[in-house]
Amino acid sequence: MPAPPQGSPPQSGGDGYWSGTRKPLNCLLFVIPLLAAYEAGVIWLGGRDSDAFRSGADAWLRGGLEYFGLNRPWLVPTMVVVGLLVWHIAQHDPWRISLGTLGGMLCESLLFACVLVVLAQLQSYGVKNWQMGAATTASIPTERAAAMAVIFLGAGIYEEVLFRLCLLPVCHGVFLTSGVRPALAAFLAALATSLAFSLAHYVGPAGEPFRLFSFAFRTFAALFFALLFMLRGFGITVGAHAAYDLIVGLMLVS
């Protein structure tokens, strides 16, 4: 499968749809509505106790900044927006917006989310375990569903910011400077960040009890998102991740 230079952030080049989805400006415009919906949802649901409704990756990023005395509530989303703008400017991309490209990114996000749902079901069949994505007739109270939707949306955004947009290129650079061949460095970076992504779900007070099935699936899903990030860009990866979490969390799992 074709990919940008081994594990680095997707490169911009050309004016077609394929390259357009990977341009930082299009990724920013695609992600901003999701980011705004998440931040507004957190404030709406939590008020002064909004931290209780933040996703894990969002809380980790805020905790890391707070360690250095940076605890402004608007800082993390602002850093995401500014980072993508700086990336856009650094690549000297034109300030051109295509609604068709953004619409295509939405369609691709939903498509890849459905692909991952199917793969999750196949894995469930393979191990005869339905705890990830099992169909159920149980309903979720509206208030709880709203809280879950906000958290799932935040997870789709900030887990991709942390593990794919930030850590994946860093790991790739570390392996390259260690003398590892580029192709192998890309694979090792994807594998290392995928294992870290999966393990993070079992760490800390809110961590889940470790189960091999869920660990294996999350590692596989992270590899899926790493490949999607390299091949189709940050925006589509965020959209696919958020859509998958919402489909599984609200429609397939009670």
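The values are calculated or read from the model by the stated rules, or taken from the named source; none is laboratory data. Just so we're clear, the structure is a prediction, and the values are computed from it rather than from any experiment. FYI the Cβ positions are ideal-geometry reconstructions off the backbone, even for glycines, and counts take in every protein chain you see. Accessible surface is based on the protein model in full, side chains and every heavy atom, while ligands, DNA and RNA are left aside. Shrake-Rupley method; radii C 1.70, N 1.55, O 1.52, S 1.80 Å.
Comparing 21, 237, 101, which has the greatest mean-square fluctuation in the GNM of the chain with Cα pairs linked when under 10 Å apart? Taking springs between Cα atoms under 10 Å, the residue moving most is 101. Computed in the context of the full set of protein chains, the accessible area of the chain at 1.4 Å probe radius has 70% of its extent on carbon or sulfur. Put a dot 7 Å past the Cα of residue 95, heading toward its Cβ, do the same for residue 67, and the two dots end up 3.7 nm apart. With a Förster radius of 22 Å applied to the beta-carbon distance between residue 184 and residue 215, the computed FRET efficiency rounds to 0.40.
Heavy-atom accessible surface of the chain, averaged per residue, reaches 50 Å², computed with a 1.4 Å probe. Once the convex hull of all Cα atoms in the chain is built, its volume per residue stands at 147 Å³.
Just checking the listed ones, 50, 178, 198: in the Gaussian network model of the chain with Cα springs under 10 Å, the one fluctuating most is 178.
With springs only between Cα atoms under 10 Å apart, run a GNM on the chain and tell me which of 230, 79, 148 wobbles the most. Of the options given, 79 has the highest mean-square fluctuation. Taking all Cα pairs closer than 8 Å and separated by 6 or more residues, the relative contact order of region 139-230 comes to 26 percent.
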